[in-house]
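Nothing in this text is a laboratory measurement; each read-out follows from the coordinates by a stated rule. Since the model is a prediction, treat every value here as computed from it, not as a measurement. Here Cβ is always computed from backbone atoms with ideal geometry, including for glycine, and neighbour counts include all displayed protein chains.
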Amino acid sequence: MKVLLASLLCLMVALQYCAAEDISFGGHIKYQPTFSRIATDQSNSLDGFLDIRTRLSVKVSPLEFNLHGLLSGVSGDTLEKNSVSSAFLNNLFLPLTGENSETFDLSRELHAGERSKYNIMLDRLNLAYTDKDYIIKLGRQAVSWGNGILFQVVDVFNPFSPVAVDREYKSGSDLAYFQYLFSDGSDLQFLIVPRRDFLTGNISDSSSSYAAKYHGRINKFSADYDIVAARHFDKVMLAAGAYGDIYGSVVRADLAWMQTLDRDFISAVLNADRSWTIGGKNIYAFIELFFNGSGLDCCNYREPDAVLLERFRRAEIFTAGRLYSASGIRIELTPLYNVFVSEVLNLEKGSGLLQLKNEFDISDDLTAVLGLNISHGATGDTISGLRQLYLRVAYYF
């Protein structure tokens, strides 16, 4: 609360020196009724997911202040059941946060009942200084590294679940960000992410992250590359990635080595995407392969693994297996109506999740998504027998 009051005081001071054009305000209200049928539970669920976000940006060159307030919650059957499949459904629709380990406590629980739960938080609270050669940004913000489309091996800072329905806003983290821009177009980035120990609640060096990334370009091959070195939760992480155009498709790859208490492992992701115009229709498609070095053998899913469980707890990975694929296609049937079909497959078990989305632009500030999620195959890290229908309505202001 003290941090919030100090931030509002800084904002009031800044507003006194701002012209009207230096201030922008907006946000959205999203509501999503969802009907689910899960064979393992032998029951139906009806839930409503709420997401209200307000955005305020104040620019006083070379400074910029950003503040995002977020109210999110769920009401219905999933909380009452308190099952593994209920947690899976929440990961599909609710924002993921690491609030228990963040440096500052910027969230409050508004209500917690048997059938409903609502939280309010500041998801962005940062101040940035921008110069022609460098950028400094302090506070709660979102940073994304890596070249994955649905799966990530380099981005360990609040990544999206590969089956997340809403990917508009990534959850913020309390961190210090520095970027230096070179004259040849390359850049060097540094991150310091202080965190609190999960058990003691105190800021701990062993729970924090320190990372550096160099981004360069090979003009001869029209390709870009990244080199990453980090100390993440007191362990070393090294990674490299690249992307470029190959016969009209953008091909990307990341390779990461991570040290852990029990074992070291390597993870990798490879993908390609492309856009076409066929018959006057805009079409986009992608395909992706993912190897999870911290995953379990397909025959040992029920055996506990300390490394994997810890990564699950930190919400930096969402898959228990080792080898996955993802593919998807989007077709613009009309300028105001798009159909998107995607599928995530566990290649070792043969299980997967098929997702269908019908996206409607009703007006400039109103959209709707009618979606269907269907799981298939053997049980494992997907929910067997899932049949789910949802309607997400979003109003932007």
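The distance linking segment 51-78 with segment 168-196 is 20 Å (Cα centroid to Cα centroid, whole angstrom). Sequence-distant or interchain residues sharing an amide H contact under 5 Å with Arg115, placed H: which? Placed amide hydrogens put nothing under 5 Å from Arg115. From helices alone, the chain scores -2500 deg cm²/dmol at 222 nm; the rule is -39500 (n - 2.57) for each run of n ≥ 4 DSSP H residues, then divide by the residue total. Evaluating 6.51 cos²θ - 1.76 cosθ + 1.60 at θ = phi - 60° for every residue in segment 307-313, the Karplus couplings come out as 5, 5, 4, 5, 5, 4, 4 Hz, glycine and proline recorded as x. Applying a DSSP loop filter and a limit of 13 other Cβ atoms within 10 Å to the trypsin sites (Lys or Arg not before Pro) in segment 129-186 leaves Lys132, Arg167. The local environment of Gly26, defined by Cβ-Cβ distances under 11 Å, has a net charge of +1 under the rule Lys, Arg +1 and Asp, Glu -1. Pairs of lysine residues in the chain that meet both criteria, 8 or more places apart or on different chains and Cα atoms under 23 Å apart, total 16. Close amide H partners of Leu386, meaning residues 5 or more places away or on another chain with modelled amide H under 5 Å apart, are Ala39, Ser375.
Rounded to the nearest whole Hz, the Karplus-based 3J(HN,Hα) values (6.51 cos²θ - 1.76 cosθ + 1.60, θ = phi - 60°) of segment 189-194 follow the sequence 10, 10, 10, 10, 10, x, with x at glycine and proline. Quick one: grab the alpha carbon gyration tensor of segment 2-396, order the square roots of its eigenvalues as a ≥ b ≥ c, and give me rounded if a/c is under 1.5, else prolate or oblate depending on whether a/b is larger than b/c. Rounded is the answer for segment 2-396, as its axis ratio a/c remains below 1.5. Toward the positive end of the charge dipole of segment 2-396, about the Cα centre and with charges on Cβ (Lys, Arg +1; Asp, Glu -1), which of Gly377, Gly280, Asn202 goes farthest? The residue sitting most towards the positive pole is Gly377.
Counting other Cβ atoms within 10 Å as a rough exposure proxy, the listed residues Asp224, Asp123, Asp184 run Asp184, Asp224, Asp123 from fewest neighbours to most. By the count of other C-beta atoms within 10 Å, a proxy for reagent exposure, Thr200, Thr34 are ordered fewest to most as Thr200, Thr34.
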